[in-house]
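Shown next, in structure tokens, is the structure this report addresses.
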Amino acid sequence: MGREAVSLSPLGWMIAQLCCSLLLRGCRGGLVFQPPFLIASGPEVNVYLVGENSSSALIGVEKVAATDDLPQPRCVVSNATDNWRLSSFAEGGTCNVALTLVRPLVLCEDFTNETNCCPEPLCIVETLQVTACLNDQLLATLLVQVKIYVNSTFHGIMNETKTLIPEQKYNPLGSCPCNLTAKVCDVRCCCDEECTPSMIQLFRSECFTGVFGGDVSKPFDQLCSVENSVDTPDWFPFLCVQSSLVNSPYLGLFYDGSTVKVSHDLSFGIVAPAVANVPAGYHQGDPIVKNDDAYLTVPQRSLSGQCLRNAPVAYLEDFDTRCVTPLTAAACADNRGISDYIENGHGSLIPIVITYQNTTDLSNFITVISSTSESSPADQPLFPELQNISTSLEPVNKSDSKLGEGMCENMILGAEYVFSWKGNMISNVSLLVTVGNVPLDSSAILTQRFSVTFINLINDYSPNMTRSGNPGYQIGKPVLGAFENGKTLQKAPLSIWQPVGNGLCSSAQTTSVLFGKNSISGCLLKFSIDNFTECADLRSIVYKTLLNLMPGNVSKRGNSNPTDLTEWLPLFKVPPNVSSSNDNYFNGLCTEIPASLNLWFFTAVVGAIEGIPQREILASEVNFSTVTWHMNCGGGNTAACQNNSLLQTFWMSMSVQFIQIPAQPEPKKTSFQMNYFEYDCSRNDVCWPELAYPLTRSYTGETYSQLITQAMLLVTLFLVTALLGEPWSKIRKAWNSTTFY
């Protein structure tokens with residue numbers, strides 16, 4: 001039999017090409033296009049070539065036929081096709097590859113003199129193949145499916161009488177002015193949506209009237225119901241409008257937007273970017289304005305994970321973000337995020353109190369990409385050093401970044417904004433800028449930290465007091481922790497590991513425990529055979545390191561006072577149940593390692609303020625789960641148990657769980673409810689109590705009078721059937737055969 005040829009569809013070939021490119025990445029030097037396949041619908045395509053020696057690779061492009069049998073990839077020298085031009089430039093450790101369309105996208109019927117035009121709207125349909133080669137060896141392949149339409153432009157006469165009217169909207173409280181309390185039914189306010197019909201029935205006769213009661217839309221003059229008004233013409237009944245007030249053109253007394261004047265002056269120029277409007281009182285979410293009528297911008301992360309350098313700061317919206325950039329000379333001169341004056345919301349400028357501090361500990365800001373070669377176990381730290389960062393900080397008067405020989409002096413490493421607000425006005429702004437002398441290294445990565453916090457100065461709380469609710473915890477806010485310091489408490493973070501980079505615990509960072517958010521995290525430890533000689537020491541190292549992340553006390557509420565110990569709960573720590581009977585039973589094996597930390601919070605809803613539930617922490621506990629660690633050196637691979645320079649990875653995890661306790665427990669069931677439930681409709685397929693359901697008021701299929709009529713008809717048919725049935729026939733026969741004298 002002959003061998004049949006197997007053909008793939010274009011989509012199947014693309015998937016096979018993607019798999020081959022991933023295989024080439026692991027066995028041909030590590031170069032790969034990101035993404036390895038894409039569909040282009042515009043005149044420009046941008047991809048990245050990632051890997052070692054990406055800037056030295058020879059990149060070419062060619063047009064291939066989009067058939068079932070595509071040719072095998074090969075090294076291409078040409079950097080242009082009939083329609084596309086290829087360009088590339090190095091950017092950090094990657095190579096940016098760009099494809100640019102060189103032909104116009106116009107229809108031939110619109111431009112008669114154009115030779116290189118499109119005969120139909122679907123102008124370009126082709127497949128491009130981009131290759132990256134080094135020393136005549138193919139290392140990476142990119143497949144681009146192009147499908148581009150012509151530029152659509154409106155040709156015709158514009159109607160100059162049309163005017164775009166912005167959508168007018170009611171304010172949230174505009175349609176019901178008597179709704180004064182959120183999430184609660186206001187008495188005598190019949191337009192309050194929080195009021196149920198049963199509540200409104202209690203005060204229906206005493207509802208507020210007029211505008212305050214919700215009558216914000218008056219009847220318009222063309223409505224038929226206003227016929228009895230003054231100066232009504234005789235022809236009014238024939239031309240009036242019969243409609244509801246919902247369709248009234250009257251906008252009401254409360255609406256957003258402004259009236260629009262019809263202008264016949266049309267302009268086809270380029271629209272200039274809108275200038276930031278100075279607010280007349282900030283609202284939540286409004287961008288904060290600086291002194292030059294521009295928005296106050298601080299670098300923030302987008303939803304896609306990129307760092308937006310010109311992201312505006314929104315009023316009353318906190319954030320804490322980290323921006324990762326290559327450690328180059330351009331990062332030294334980047335001073336974005338630092339401003340001098342802002343608008344307070346009432347037309348005045350207030351200065352930003354800027355404080356600079358210099359740090360000598362760069363471990364939290366600089367990450368060096370090390371080589372893949374393994375070092376000796378003695379040189380490998382198991383966990384990051386938990387230093388007191390405040391000891392490495394010293395205040396400085398002024399900080400101007402300067403670029404020297406391989407060194408950036410006073411580079412901005414972090415900026416922390418603290419806004420004090422009251423109502424819709426900002427009263428004070430402080431900025432803490434962390435700088436440091438950073439050596440420029442192409443193999444290092446800079447992590448800048450930016451945060452914005454809004455605080456409302458009430459009662460006797462300190463401005464630097466961090467809150468997570470008022471008074472109850474808000475979901476998503478950090479859980480507050482502290483250590484006892486005499487009769488007061490010293491603030492301490494409640495953190496879990498956040499592995500980054502290679503996932504090792506030695507390079508891991510920490511992140512806050514967020515209220516109501518169950519989470520699990522972990523990192524990897526590297527050990528050799530020498531670490532398993534003393535299992536007790538190994539357990540002690542893991543146990544103490546995990547326990548260092550846990551403070552001694554946890555705040556009950558989101559605004560607990562650190563001077564009042566009754567508002568804090570002790571964090572109950574359960575030590576692991578470890579026995580030393582199995583120590584060193586086998587070489588390279590240790591049992592009962594407390595490598596899993598479990599953090600439990602018992603929470604409850606203890607009340608409500610303006611309808612918002614208030615959550616508190618009732619108790620907290622830290623316990624450990626033990627695992628068994630052993631060196632993998634069984635079978636024929638025994639080198640790990642003989643050579644102490646060979647390392648193996650072991651998993652260590654942390655989990656956080658919030659357990660909500662109901663405020664009112666369910667009533668206990670009686671013995672009758674547990675044993676005799678044949679009449680319980682929730683636990684039986686047949687529900688006898690609902691046999692007469694169509695005759696009850698709960699049934700809404702037909703009217704009640706029709707149900708009664710149908711029921712009486714059924715009863716009549718039943719009686720007729722019973723009288724004419726077999727039992728009554730026997731009775732009649734017996735009656736007729738009996739003679740009475």
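In square nanometres, what is one fourth of the surface area of the convex hull spanned by the alpha carbons of the range 688-731? Average projection, Cα convex hull of the range 688-731: 4.0 nm².
Quick one: length gained pulling K147 to I541 fully straight, 0.36 nm per residue minus the C-alpha distance?
Result: 135.9 nm gained on full extension.
Taking 30 Å as R0, compute the FRET efficiency from the Cβ-Cβ separation of C224 and T709 and round it to 0.05. Can you show the working numbers first?
Values: r = 39 Å, r/R0 = 1.31.
That gives a FRET efficiency of 0.15.
Extension gain for L719 to V77 (0.36 nm times residue separation, less C-alpha to C-alpha distance): 221.2 nm. Its Cα gyration tensor gives the range 465-666 an equivalent ellipsoid, and the semi-axes of that ellipsoid, as √(5λ) in whole Å with the largest first, are 40, 16, 16. In order along the range 644-654, the Karplus-derived 3J(HN,Hα) couplings, from 6.51 cos²θ - 1.76 cosθ + 1.60 at θ = phi - 60°, round to 6, 8, 8, 10, 10, 9, 9, 8, 10, 10, 9 Hz, and Gly and Pro are given as x. Computed from backbone phi with θ = phi - 60° and the Karplus coefficients 6.51, -1.76 and 1.60, the 3J(HN,Hα) list for the range 709-716 is 4, 5, 5, 5, 5, 5, 5, 4 Hz; x is used for glycine and proline.
Taking a point 7 Å from the Cα of T626 along the Cα-to-Cβ direction, the residues of the range 516-551 with backbone N closer than 12 Å to it are 536, 539-540.
Only the coordinates and a few stated rules stand behind these numbers; no lab work does. Because the structure is a prediction, the values reported are computed rather than measured. Cβ coordinates were reconstructed from backbone atoms using ideal geometry, including for glycine residues, and neighbour counts include every protein chain displayed.
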